[in-house]
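Beneath this line is the structure, given in structure tokens, with notes to follow.
The values are calculated or read from the model by the stated rules, or taken from the named source; none is laboratory data. Since this is a predicted model, take the numbers as computed values, not measurements. Cβ placement follows ideal geometry from the backbone for every residue including glycine, while neighbour counts extend to all protein chains displayed.
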Amino acid sequence: MVSGNNSLLKEVRETLQSKSDKNNIHFFVTTCSENARGVVWQATGYRFEKAWLKVERYLNEFDKFPKWLKIELVDTSEAVSADEGIAAFYQTQRNNYFRYGVKFKKDNTYTFLPEEIVGNSLLVPPDVHVVGKRDARLKISEDNFSQYIASRDQKTCLKLVSHFDSQWRFFTKKGIFIEDGIIYPLENEAYGQGVRRIDTENQWLMLKQGIERGANYLVDQVTNTGKFIYGYFPVYGRKINSYNSVRHYSSLYALLEAYEYLKEQGKAGDDFLQKIEQGLQWGLMNLTQVTEDCYYVVERLKSGVELKLGAQAMVILALTKYQTVTGNQQFLPSIKKFLAGMKSFIAADGATTHVLNEDLTEKEAFRIIYYDGEALFAIMRAYPLVKRKEWLELAERLMNHFIVKKYERYHDHWLSYSVNELTKYVPRRKYFEFGVRNALDNLSFIENRDTAYPTMLELLVAAVKMFDRIEEIGFKETLFTEEEFFHLKQVMEKRAIHELRTGTMWPELAMFFVKPETIAGGFYVRHDRCRMRIDDAEHFLSGLINYQEYMQPDTVIEDRPRALEMDEADVEDSIDISVLIPVYNREKEIADCLNKLARSTFDKARFEVIVADDASTDNTVKAIQSFEDQFEHLKIVCLPENSGGASVPRNMALKQAKGKWVMFVDSDDYITPFALEGSYQLAIKDEETDLVGMPYFRAEGSKRALGRSCFSSPTAVTGLDFLDTKLYNSLNIVGKLIRKEVLDKYPIEFPLGIKVREDNWFSMKLYAVVRKVALLGNKKSYYFCGDRDGVSLSRTGTPPRDAMKIYSEVFRFIFELEELSQDRKADILAIYMNRYAGMIRRGRYSPERLFNRIGHSLYLVKKSRYLDPMPKQFIEDLYSGKYERQ
């Protein structure tokens, strides 16, 4: 196993060794490859090298590299007596918040990581403990210890504590985690110890990962019926079997926020939305009570049916969010019916009844403050869709009631959402004052809260948005100071990072529970048995998504870390697309090309333009420089002398490219505003897509011949194999979005010394190694080709010697690809021979030179079913000696 990952483990070794200046090294290696609890293995050595050699030998026993691998070593260690240790457990205020690993016996037979302690409930509170109270008073669970020892060490041990030494050691650790070939440094201090390091420098990368993983986790909890798997207690791998109508719809609301976010990132497929629609339909079918004029959300309990104001609000929020995100009005009649039902919960003065009986009589006047904020928020989200003044008036009655009752003392996130929404339509000072107090009066508590508590971030983001609007309005008497607003933003950022560290079920933590693959990516409540309910996920997701959308960082972080440092994340600016343009003496054309490119709908922060000038003698460079203010990332590469063709400038631009994808555009062509967006969205729809082609159109006045047979579909197509396309009729490289990893892996460059069909050389190699191809539909125009003038070499016919050089080089390249079968190599080369045989055989010497170069293997092409009759005869003539010179 190690042989294929030597460089990875070497980097791990160097990283850990650089951070270890001690002797008596103690390693912990945790591996996890299936949906089963990870295996913890230990190794010790007086010196680092000796201990590390044991680690390598252990990993070498694996048939393949583990899916998840965690390598840690003891950092600090403190000796305590057994009595002191028991007292330290007892003094821990929250369940699962004991932060040290424990060595109960000197010979390491009973040594446990902090994650092992949490993941197996080795320390437990008394039965009378109430979740949320700071009185966990943890004690050793001998039953859980014995069960875990039997599983981990394959041995039975009764009265376990009696085997412990009288002197224990509490220890901290440091290390790394490996996933998908990426090394993540781990946090080694305070909260979040043992998970990937997250700080102000790398938070955008981690935030993006957390949102995407969390969204996919939550949508996976929607079953085929549309009902959620309600949650898990991951320590025991046990599902939570209860259900709740409020949380059903609030989770769907969060999924719609996630869908909106992922769609903008190009990472939300139709199946994601279908799951949400299934959830909405299940709720409407199974959680709805219908009267003549109204709909109500019902909660079916063993004691009977109850109707909750919170559920009534959340169904409206979910349905209005669906309409806003999709534009689909299918649920608008239901929204109106549920809104009508809302009146049953709200009195004329704005007072609310939280829970009704099935016959609409009062059951509970007040249950939880959440319901009030949810009700106001729902009404305000529905208001622009139903457009009836009565709902705005009702919203104000609710708000005025909140003020009279001083509800700001609850510091509730739904109140923060709702007042922010109401003031968009009714910007009254007293409403803003309520929102300010709801946030600021509890800020110190929020800042120092040890648990993840995701609703706090939701409150803060909504409040910051409202504070921005207050500043825009500019009240004569300010409602807050600049210092207060600055502090509010500081706390918001702190809470976002804290949630990512302590509430996200990263795989490096999930691997210590019973079913790690089931729970990885979700969100958990550590002090409540690491509980993972759908409402936990929805609160985390909503807060993190709204935080990300508000902050909109100037620097977009790449999907994967590049460097592997323990102390700081080496995260570079992310460029999704690099547009590469070679140019020579085309000042007018390049200006037109860039002018149209500047109109692109694709986020300018996410693409760069690299123009490689081949030593132009006119004002081409000045023309390019005039566009520097219109692009966030524009680079001009100037060659010292003219190369005489497009290959050198294209290669120079390619070397400078930072994008995950590259697209070549010729200076006398141009792309439409939606070309980048359209091709990128199609590219990321299927993770195996390595190439996206866009149909060509003639620019105005152009008479240029275009091959468009491969773009015959009116709609976009994905998942194509090259052999099933007609891309052999489109061997020019322009207007194609290419995954740069493919070009780096092989590598592929343009040829020197060939002035015509140099892009064929490039394209034919590329087509042989891409996994899947996607093609944009021809209903939209994406790429326009100009009518090239005399400056271009494209009108020159192809010399047979160049055709021979191109085909023989491509043949050699493909023939040496170990990952392709012989049949596939033959089929691809046969398709190319169909294009090149005619050009090569025209030459006096080219056929013989071709045979001399590749004749030893050319017979393979002859067997392909893709080979046309003429090129087949050409190959037979080569072998018969017809082209040999006398």
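Output the number of residues of region 37-74 satisfying the condition of being assigned to a helix (DSSP H, G or I), under 20 Å from Asp107 (Cβ atoms) and not small (Gly, Ala, Ser).
4
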Residue pairs within 6 Å by beta carbon, gap of at least six or interchain, first lying in region 409-438 and on the phi > 0 side of the Ramachandran plot, second part of a helix (DSSP H, G or I), listed first then second, are His411/Asn438
Output yes when any residue across region 78-99 is without any contact (Cβ under 8 Å) to a residue 60 or more places away in the chain and among the hydroxyl-bearing types (Ser, Thr, Tyr), and no when none is. yes
| query | Do we find that Tyr261 is assigned by TED's automatic domain parsing to the domain that holds Val297, modelled with pLDDT under 95, aromatic (Phe, Trp, Tyr) and farther than 18 Å from Val325 by Cβ in this structure? | reply | no
Expected output for region 541-557 (first residue surrounded by fewer than 15 Cβ atoms within 10 Å (Cβ to Cβ) and modelled with pLDDT under 95, partner of a type outside the set (Gly, Ala, Ser) and not in a helix (DSSP H, G or I), Cβ below 6 Å, 6+ apart or cross-chain) is Thr555/Asp573
Counting only residues in region 841-871 that are basic (Lys, Arg) and over 21 Å from Arg801 (Cα atoms), the one nearest to the chain's Cα centre (by Cα) is identified as Arg865
The condition of being within 18 Å of Leu317 (Cα to Cα) and either surrounded by 14 or more Cβ atoms within 10 Å (Cβ to Cβ) or in contact with a helix residue (DSSP H, G or I) (Cβ under 9 Å, 6 or more places away or on another chain) (or both) holds, among Leu398, Leu360, Leu356, only for Leu398
Of the residues in region 854-870, those that are outside any loop (DSSP other than H, G, I, E, B) and either in contact with a Ser or Thr (Cβ under 9 Å, 6 or more places away or on another chain) or farther than 17 Å from Val810 by Cα (or both) number 3
By residue number, the members of region 613-631 that are closer than 13 Å to Ala591 by Cβ and of a type in the set (Gly, Ala, Ser) are Ser616, Ala623, Ser626
Reported set for region 75-92 where residues are of a type outside the set (Asp, Glu), crowded, with 16+ Cβ neighbours inside 10 Å and not in a helix (DSSP H, G or I) is Ser77, Val80, Thr92
Residues in region 584-602 that are of a type in the set (D, E, K, R) and surrounded by fewer than 15 Cβ atoms within 10 Å (Cβ to Cβ) total 2
### Message
Condition check: within 20 Å of the chain's Cα centre (by Cα), outside the structural domain of Gln490 (by TED's automatic domain parsing) and surrounded by 17 or more Cβ atoms within 10 Å (Cβ to Cβ). Does Glu212 satisfy that?
### Response
no
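Restricted to region 152-179, and to residues that are in contact (Cβ under 8 Å) with a residue 60 or more places away in the chain and assigned to a loop (DSSP other than H, G, I, E, B), which residue is nearest to the chain's Cα centre (by Cα)? Steps first, answer last, please.
Initially, region 152-179 is screened for residues in contact (Cβ under 8 Å) with a residue 60 or more places away in the chain, giving 152, 164-179.
Within this subset, residues satisfying the condition of being assigned to a loop (DSSP other than H, G, I, E, B) are 164-166.
Details: Phe164: 45, Asp165: 47, Ser166: 49 Å.
Top of the filtered list is Phe164.
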From the option list Glu34, Glu49, Glu61, single residue qualifying as modelled with pLDDT under 90, assigned by TED's automatic domain parsing to the domain that holds Phe112 and loosely packed, with under 15 Cβ neighbours inside 10 Å is Glu34
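Do we have Ala439 as touching a His at 6+ places or on another chain (Cβ under 9 Å), in a helix (DSSP H, G or I) and either buried (at least 20 other Cβ atoms within 10 Å of the Cβ) or not assigned by TED's automatic domain parsing to the domain that holds Phe486 (or both) here? Break it down stepwise before answering.
Values: touching a His at 6+ places or on another chain (Cβ under 9 Å): yes; in a helix (DSSP H, G or I): yes; either buried (at least 20 other Cβ atoms within 10 Å of the Cβ) or not assigned by TED's automatic domain parsing to the domain that holds Phe486 (or both): yes.
Criteria met by Ala439.
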Checked against (1) exposed (fewer than 13 other Cβ atoms within 10 Å of the Cβ); (2) assigned to a strand (DSSP E or B), Pro126 satisfies every condition except (2)
ask   = Do we find that Ser647 is among the polar types (S, T, N, Q) and touching a Cys at 6+ places or on another chain (Cβ under 9 Å) in this structure?
value = no
Here the residues within region 235-293 that are surrounded by fewer than 14 Cβ atoms within 10 Å (Cβ to Cβ) and not in a loop (DSSP other than H, G, I, E, B) are Arg238, Lys239, Glu264, Asp270, Asp271, Gln274, Gln281, Met285, Val290
Of the residues in region 367-389 that are assigned to a loop (DSSP other than H, G, I, E, B) and over 15 Å from Ala313 (Cα atoms), the one that is farthest from the chain's Cα centre (by Cα) is Arg388
